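First the structure, in the form of structure tokens, and then the observations on it.
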Amino acid sequence: MPGIGHSIRVSGLVQGVGLRPFVWRLASRLGLKGSVLNDGSDVLIEVFGSEANLKQFSSLLLEDLPPLARIDAVSVSAKTCNPPAGFTIAASVDGSAPTGVVPDAATCPQCLKEIFDPANRRFGYPFTNCTHCGPRLSILRQIPYDRPSTSMAVFDMCRRCRTEYEDPDDRRFHAQPNACPDCGPRLWFEDLKGNRDGQDVFAKVARRLKQGDIVAIKGLGGFQIACDAGNSEAIKRLRLRKNRPRKPFALMARDIAQVRQYCRVSESEEYMLAGPEAPIVLLEKEGASLPNEIAFEQPRLGMMLPNTPLHHLLMTQLDVPIVLTSGNLSNNPQEISNHGATQRLGALVDGFLMHDREIVNRVDDSVLQWEKRGPVVIRRARGLAPSPIRLPDSFANAPKVLAMGGELKAAFCLLNGRNAVLSQHIGDLENAATFKDYRKALRLYLELYQFKPDIIAVDQHPQYRSTEFGRELADELGAELVKVQHHHAHLCAVLAECQAATEQCRPAYGIILDGLGWGLDGTVWGGEILQGDFASFQRLGHLQAVPMPGGASASVEPWRNLQAHLRNCFGVSWREVLADPVSVDLFSSRRSALLDTMMEKGVNAPVSTSAGRLFDAVAAALDLCVDRQSFEGEAAMLLEAAAAPYVPDEAGYKVFLEQKALLEIGMKPLWEQLLQDKRNLVADGRIAARFHLGLIDALESGLAAVSGSTPGHVVLSGGVFQNRILREGLRDRLEQAGWTLLFSKQAPCNDGGLALGQAVAAAVTRAH
Amino acid sequence: MTHGGGGKATSDLIETLFYKHLSNPVLDQGHDAAVFDAPPGRLVMSTDAHVISPLFFPGGDIGSLSVHGTLNDIAMAGAKPLSLTASFILEEGFPLADLERIVISMAEAAQAAGVPVVSGDTKVVEKGKGDGVFITTTGIGVVSEAVEISPRAAVPGQAVLVSGPIGNHGVAILSKRENLEFETEIVSDSAALHTMVTDMVKAVPGIAVLRDPTRGGLATALNEIAHASAVGIELFEEDLPVDPDVEAACEILGLDPLYVANEGKLICICNAGDAETLLGIMHAHPSGRQAAVIGTVIGDPDHMVVMQTAFGGSRVVDWLSGEQLPRIC
Ligand SMILES: [Fe+3]
Ligand SMILES: [Mg+2]
Ligand SMILES: [Zn+2]
Ligand SMILES: [Zn+2]
């Protein structure tokens, strides 16, 4: 019986994820004939059989997908030729379209079972992986994604591994990093003198950690530094050695049960922690407590679960979580080579847990948090990148865009039709090693995706290093350079993920709050109410503009912003108005007098509507963080933490909207009330709460004013929206008022998502 | 100028003033063109327009600056300056007393440098069409056959030297112009460097690069060299000389001394083996007492200037167009 035939084309994350063997097993089980093969970036399936079996095949194909596969589109057409004798996995067709890269994935349950099974040949083997898990992006040198293109090339598979690799019925069929204790990478402990010891490594490292030592661990995408999270002395020592006085550390726990000893974990949070991405998840502290030195004054801890067999095998030896921070010095990127680690981390650690599988691409840990409506990505890296973000239909024929991103938290983006590949978080480009890394990663992606951009999109800031590099690349590649305004990019990054919103054909509103971005009028923006779509935008309102005396220094020293705000509100005699509610010492210094002159004369005092600097100013007024932030966002985080307990019972400061050329959210009433509260000795946390709530009121009424009270779609984006009080408070309020809220789900709302917005904006602007 | 719309009276006054203070045998010939014997060897010529506000500042004025600026440009070719010309554009109504002060200062600077001003010119523009006074100076000098100094000559492995603390001039100008009162008054480093350069070149004719890091500061000059020579440059923050006063002023102003102008400093790039010799020579000169090795030339396809910071970090010292703008989001 010839039966009927179907030709099924499947696109999405379908290659290098075990989809073909899965199809083969499924087809064989259902007695179907035909073939499956990689065709360009798609998988092409031809199946012949009875109608019922074909139907069953189609539904099981979508239901039982291998864990790392993601199907974005399926197209089916009838096939009339005679069926072949059986079902085969055919050789790949070398299409012109690139196959792309799959993110690294945490150890799957089957592999996990094997490494803890004394009877299994991979018992205790730290480099166990299969088609459903293991390293991908981090070991990839070039395309196509097969073993010789990865850092596994130097390991010859033994006979048994090769058999697994070649057997379509095996979980390790074409698992490129497949390895076992006989043929794969090896692990050792290395002391500071360079002595290596490969015996009982995990027990030894565990013993070291328990006795308070600091150990460098070669993780999946880079070196990490670990110490006992229960040992505050060790943590203090680590902070001192790493020159990282206050920035919170992330923790790794053995399993969910151990996480639950210290944190509240909802079902969704558990799902995130235990997924193949295995990110750091920010969780509310609850239960037993760990030393305050881990995350000073923060109500939450960043927790992750083991993401490789190596981490699993180490963590089972420990009863307490470990601090696990990136293995780097100062602002340098995480070390990835054994040599770099011994050279530069030697002064930080007491020993190294190392191995001989090379890390090709640095991939940091991803950071997520869960909110009522879903996950919020704070840092998009291991496990998430470079999984493509699916764009709305209208992008099917868009020009190819390479978007360069921002300056801090840099990541770039390749837009190709409906797929936007946002790179892993790379970091702050002021750091030379990071900037080199960024350039290297960008060239690698161009190669991996065989990507030749029509357009290179850059930020409008005249001095972002990414903009300068974009200009060079545009020359080199003969692409057109398109500048995208910073906050327009933040708006578009969110719209890019929203098919529904873009179909409305009506520009969305956007409340974009961040540190700063270059504005169209040559001033510095950062507290904006916009309306726009991919093609264009309008600025409708903003926070009152305030000088940033000292330019970039104002982003680091909160007191400068406090003085600027007070002077801006109360004029040149602002010191008299002050009447001693905030630190007199601070403002009686020569430095402070100089700051006044700088603002008066306009010496390096660019005016800015920055929301970030407003938070800094308020944090300084409350003595939470005055002189200097030891890391970006410290002042704002402390302000949020102080406010949190008081938010439910407080009401916001009254706000003042003024319709000038644009709507302006005035700051004077806020500061008057705040100073009055200080005089009345109101608790700082209460003041912080009133400030947050006042800002929410201001933004809500500001939006109402500019929109003429006809609610539509509104985007909330920009780094300041990592603040949960603001984000959730404003969301609830706007939803009650009938607005449809749009947030980033896959890209970070901070500058880590900027490139996505630049890419879609540039694509549409030029397509017109 | 009290003498209003140009005319004979003004020009007489000015002529008198210039001849009086700048007098030397060649100038005194009174020709429109200076005539003098050509020295043997290769000639070096440079011209520089000087526009500055304020005209008078701690450590100098536009007069001395216009002499130093051109002398230094000549010296940065490893040459010995021989003579200068000067052209003045005066705004109508500019006080004669100020002009005289400037000319005297210029004369003193030329005298101290041992380089005469041999020809000059003056034009007066309508009020509002100038900014007090602009001075363009041109210099001519001679350089030995053995010297091949060029911004394209840096090669990996060479040492990068700077002749002293950076940023003084820019901060001095800014604080005078904007009335910023610091702990102590910051003085411009404006100075002529050619005698020091003569000694340096004599001891080490193979110096690769000399450059005065004026506008745009050390960062800009080093980036220009890195691009011209197709190399990278690595600096060490700890070795960078900066006066504590200047550092404190830059800190509060939010400026990076690397980008602040100098008028009496030079960058020297030479073979590593010659660095000590050159340091010794520089230390013997008033303008080079705090000379230091601040970095090395490295191979780098990206031609980046990178600063290794005190805590083991590394910072891209990039090429800025215009003033430093805040970038942190
Ligand atoms: Fe931003
Ligand atoms: Mg010149
Ligand atoms: Zn697995
Ligand atoms: Zn094997």
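Listed values, structure above:
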read-out	value
Cα gyration tensor category, rounded, prolate or oblate, for the protein assembly as shown with a/c compared to 1.5	prolate
Sparsely packed trypsin sites (Lys or Arg not before Pro) within the stretch A:203-250, loop by DSSP, other Cβ within 10 Å at most 14	none
Chain B: angle of helix B:194-203 to the longest principal axis, Cα-based, in degrees nearest 10	40
Nearest-0.05 FRET efficiency for A:ALA683 and A:SER28, computed from C-beta distance (R0 60 Å)	0.30
DSSP-defined antiparallel bridges as percent of all bridges, chain A, nearest 5	75
Test item: A:540-553 mean partner chain Cβ contacts at 10 Å	3
Chain B: angle of helix B:217-229 to the longest principal axis, Cα-based, in degrees nearest 10	70
Cβ-defined net charge surrounding A:LEU520, 13 Å radius [Lys, Arg +1; Asp, Glu -1]	-1
Diffusion constant of the stretch A:646-768 at 20 °C, which comes from Stokes-Einstein with the Kirkwood Cα-pair radius and 1.002 mPa s, µm²/s	131
Helix-only CD estimate at 222 nm, as mean residue ellipticity for chain B, using -39500 (n - 2.57) per DSSP H run (n ≥ 4)	-10000 deg cm²/dmol
Cross-link table A:LYS372/A:LYS409; A:LYS218/A:LYS400; A:LYS247/A:LYS372; A:LYS601/B:LYS127, entries beyond 30 Å C-alpha to C-alpha	A:LYS218/A:LYS400
Cα gyration tensor shape for the stretch A:4-89, rounded if a/c is under 1.5, else prolate or oblate	prolate
Magnitude of the charge dipole, the protein assembly as shown, Cβ model with Lys/Arg +1 and Asp/Glu -1, debye to 20	3360
Cβ-defined net charge surrounding B:PHE57, 11 Å radius [Lys, Arg +1; Asp, Glu -1]	-1
Residue order, fewest to most surrounding Cβ atoms within 10 angstrom, among A:HIS425, A:HIS490, B:HIS169	A:HIS425, B:HIS169, A:HIS490
Cα centroid of the stretch B:237-308 to Cα centroid of the stretch A:125-176, whole Å	51
Per-residue ³J(HN,Hα) for the stretch A:293-301, Karplus 6.51 cos²θ - 1.76 cosθ + 1.60, θ = phi - 60°, Hz, x for Gly and Pro	4, 5, 8, 3, 6, 8, x, 10, 10
Compactness relative to 2.2 N^0.38 Å, alpha carbon Rg of the stretch A:187-355	0.97
Ranked list, fewest to most other Cβ atoms within 10 Å of each Cβ, for B:TYR19, A:TYR145	B:TYR19, A:TYR145
Charge context of A:PRO177, other residues only, Cβ under 9 angstrom, K/R +1, D/E -1	+3
Between the stretch A:1-77 and the stretch A:345-412, the alpha-carbon center distance in angstrom	30
Rounded to 10°, Cα long-axis angle of helix A:486-495 versus longest principal axis of chain A	50
Under-5 Å amide H pairs with B:HIS50, H placed in peptide plane, nonlocal only	B:ILE135, B:THR136, B:THR137
Cα lying deepest toward the dipole's positive end in the protein assembly as shown, options A:SER589, A:SER366, A:SER266, charges on Cβ	A:SER266
Tensor-based shape of chain B (alpha-carbon gyration tensor, a/c under 1.5 rounded, otherwise prolate or oblate)	oblate
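Any read-out appearing in this document is the output of simple, stated calculations on the displayed coordinates, not a laboratory observation. The shown structure was predicted, so the numbers you read here are calculated from the model rather than taken from an experiment. With ideal geometry, Cβ positions are generated from the backbone for all residues, glycine too; neighbour counts draw on all protein chains shown.
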